[in-house]
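Undergrad: The structure follows.
The values are calculated or read from the model by the stated rules, or taken from the named source; none is laboratory data. Remember, it's a predicted structure, so these values are computed and weren't measured experimentally. For neighbour counting, all protein chains shown are included, and Cβ atoms are generated from backbone atoms with ideal geometry for every residue, glycine included. Calculation scope for accessible area: heavy atoms of the full protein, side chains included, ligands and nucleic acids excluded. Shrake-Rupley method; radii C 1.70, N 1.55, O 1.52, S 1.80 Å.
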Amino acid sequence: MKKLSLLLLCGTLAASTLTFNACVKKGHDEPIDNTGNDPKIPVTHTIAQVLAMPIGTAITEDVVVSGIVVMDDRSGNYYKKFVIQDETGGLEINLDQNNIYNDYPVGRKVYIKCKGLTMGTYGGMIQLGYGLDERQSIVAIPFAMADNFIVKANYPNPIKVDTFSYDELANAEANGARLNTLVAIRNTQFTNPGQPYAAPSGTTNRDLEGCGASGTGIVLRTSNYSRFQPVTTPTGSGVIVGLYTKFVSGSRSTPQLFIRDTTDVRFSGARCGSANGVTLFSEDFTGGAANAIVSLTGWSNVAEAGTMQYVYGGSNPYAKITAYQSGQSDVKSWLITPAVNLSGYSTYALSLRSTYGFPDAATLKAYVTTSYNGNPAASSWTELDAITVSGQANWAWKDINVSIPASFAGQQVYIGFKYTGSSSGATGTFEVDDIKVLGN
């Protein structure tokens, strides 16, 4: 893996050398004590060694680890936690304290005395805190006890960041050593630019895509409490710096980035095409409540036969449909996109991610039409392809990319996902996500 090391020295992007400001993020509030003192407490373990310790069991040895803070709560994108990094990895510290950046800003060296602390997990990510609660969730270190476990050292310190291609980080499970570390991804852009970094109603995922990349799936995750929530995402391409994490839900592992503020997004270059083309339409179902009926502006969620409709599934939402326990002998359900304009490009394709469970006689297929008027049964549909592939593992997510016939070029089209099943012998469950229409 080719890596370009970036030394963050509180500078700006130079013309010939790619350098980012990953030292202290300047703002109106500065840390309480800017000190050059380092108590030089003997370090017994690297972060990688601490991460390898048992989960859910209090640390009883005199374990001391040290690192540089790479993520704090200055911008509001992180809450009551901060992340430290050394040359072996990154570690999230949960601390019951507001305005953590006043004591532990990005760039400060800290020592963590781990004896008496416990590691837990959330969404597949390891966290260090003060034991587990009855739900086996990590308990934050009490504010009054912070000095018992966390020792401040010198500030500021430069942070070394490695640069990767999009494809190199598209598989979170293959990049375990990079989790909770600051990374830079080159030749990247937002799939749907010009939207607020986060919706006002909740934490939001915004899809990122790589110029010329073959992989997909990296998202930028932003809290609606961040100071930059209403700022719109840039339309260009370039390099993004962020904390690399993942979120695991079932068999799906989503690679995620968290930025410290918008200066981490350096998309000043011209917009580029993705691996399969330029995104003309995209939907990732973010914001839907689990098991609620899918209801999106411009979309149709129609039961042609029976009463079953698509619902949101999972904590990282997707669209889900099944005839299971419907009690209905004939189930035909449609999820239909708004009109998409196929103009300006030579070829067009449908891209999505799909999975299914309990495979049987039920089917989910994709169709395209120019004549949809609210009644799918009255429209003339052209089948694109079956969404699932023979031999696909049960509940394994698969990337699907199918061509849209050239005869639809220059027209407004609708993409329909038709589920066919019944309560007897055809009750399979299908899930779809990250739907895109691409032009090339």
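Undergrad: Just to confirm my filter: which strands (runs of 3 or more DSSP E) fall fully inside segment 349-440 and include at least 2 residues that are among the β-branched types (Val, Ile, Thr)?
TA: 363-369, 398-404, 412-421, 429-439
Undergrad: Moving to a separate point now. Keeping to segment 78-93, report how many residues are part of a strand (DSSP E or B) and closer than 18 Å to Pro158 by Cα.
TA: 8
Undergrad: Let me ask something else. Hey, could you check segment 146-161 for residues that are touching a residue at least 24 places away in the same chain (Cβ under 8 Å), out of contact with any Leu (no Cβ under 7 Å at 6 or more places or on another chain) and not β-branched (Val, Ile, Thr) and say which is nearest to Lys115 (Cα to Cα)?
TA: Result: Asn148.
Undergrad: Restrict the check to segment 254-268 and report whether at least one residue is out of contact with any strand residue (DSSP E or B) (no Cβ under 6 Å at 6 or more places or on another chain), assigned to a loop (DSSP other than H, G, I, E, B) and under 20 Å from Asp434 (Cα atoms).
TA: No, that holds for no residue.
Undergrad: For the condition within 28 Å of the chain's Cα centre (by Cα), modelled with pLDDT of 95 or more and open to solvent by 40 Å² or more (accessible area, probe 1.4 Å), what is the one hit in Ile93, Ile100, Ile55?
TA: From the options Ile93, Ile100, Ile55, the qualifying one is Ile55.
Per-residue answers, yes or no, for (1) touching an Asp or Glu at 6+ places or on another chain (Cβ under 9 Å); (2) of a type in the set (Phe, Trp, Tyr):
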site: Cys114; (1), (2): yes, no
site: Met119; (1), (2): no, no
site: Gln127; (1), (2): yes, no
site: Gly131; (1), (2): no, no
site: Arg135; (1), (2): no, no
site: Phe143; (1), (2): yes, yes
site: Asn148; (1), (2): no, no
site: Ala153; (1), (2): yes, no
site: Pro158; (1), (2): no, no
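Undergrad: Take Gly194 and tell me if it is modelled with pLDDT under 95, surrounded by 21 or more Cβ atoms within 10 Å (Cβ to Cβ), touching a Pro at 6+ places or on another chain (Cβ under 9 Å) and outside any strand (DSSP E or B).
TA: no
Undergrad: Could you check how many residues of segment 187-231 are free of Cβ contacts under 8 Å to residues at least 60 places away in the same chain, small (Gly, Ala, Ser) and closer than 17 Å to Met71 by Cβ?
TA: Total meeting the criteria: 1.
Undergrad: Follow-up question, since we're still on this one. Checking the structure you have, find out if any residue of segment 208-215 is open to solvent by 10 Å² or more (accessible area, probe 1.4 Å), modelled with pLDDT of 90 or more and not acidic (Asp, Glu).
TA: no
Undergrad: Moving on. Taking the options Ala177, Ala144, Ala140, name whichever one is open to solvent by 20 Å² or more (accessible area, probe 1.4 Å) and touching a Phe, Trp or Tyr at 6+ places or on another chain (Cβ under 7 Å).
TA: That would be Ala140, the only listed residue that is open to solvent by 20 Å² or more (accessible area, probe 1.4 Å) and touching a Phe, Trp or Tyr at 6+ places or on another chain (Cβ under 7 Å).
Undergrad: Taking the criterion of being within 23 Å of Asn224 (Cβ to Cβ) and open to solvent by 10 Å² or more (accessible area, probe 1.4 Å), would at least one residue in segment 317-340 satisfy it?
TA: Checking segment 317-340: at least one residue is within 23 Å of Asn224 (Cβ to Cβ) and open to solvent by 10 Å² or more (accessible area, probe 1.4 Å).
Undergrad: Moving on to the next point. Taking segment 131-168 as the search range and keeping residues that are touching a Ser or Thr at 6+ places or on another chain (Cβ under 8 Å) and within 21 Å of Val43 (Cβ to Cβ), which one is modelled with the lowest pLDDT?
TA: Out of the qualifying residues, it is Lys160.
Undergrad: Ok, one more. Which of (1) within 23 Å of Cys272 (Cβ to Cβ); (2) hydroxyl-bearing (Ser, Thr, Tyr); (3) at pLDDT 95 or above is the odd one out, the single condition Thr235 does not satisfy?
TA: (3)
Undergrad: Further question: Mind listing whichever residues of segment 105-122 are closer than 26 Å to Gly202 by Cα and crowded, with 21+ Cβ neighbours inside 10 Å?
TA: Pro105, Val106, listed by residue number.
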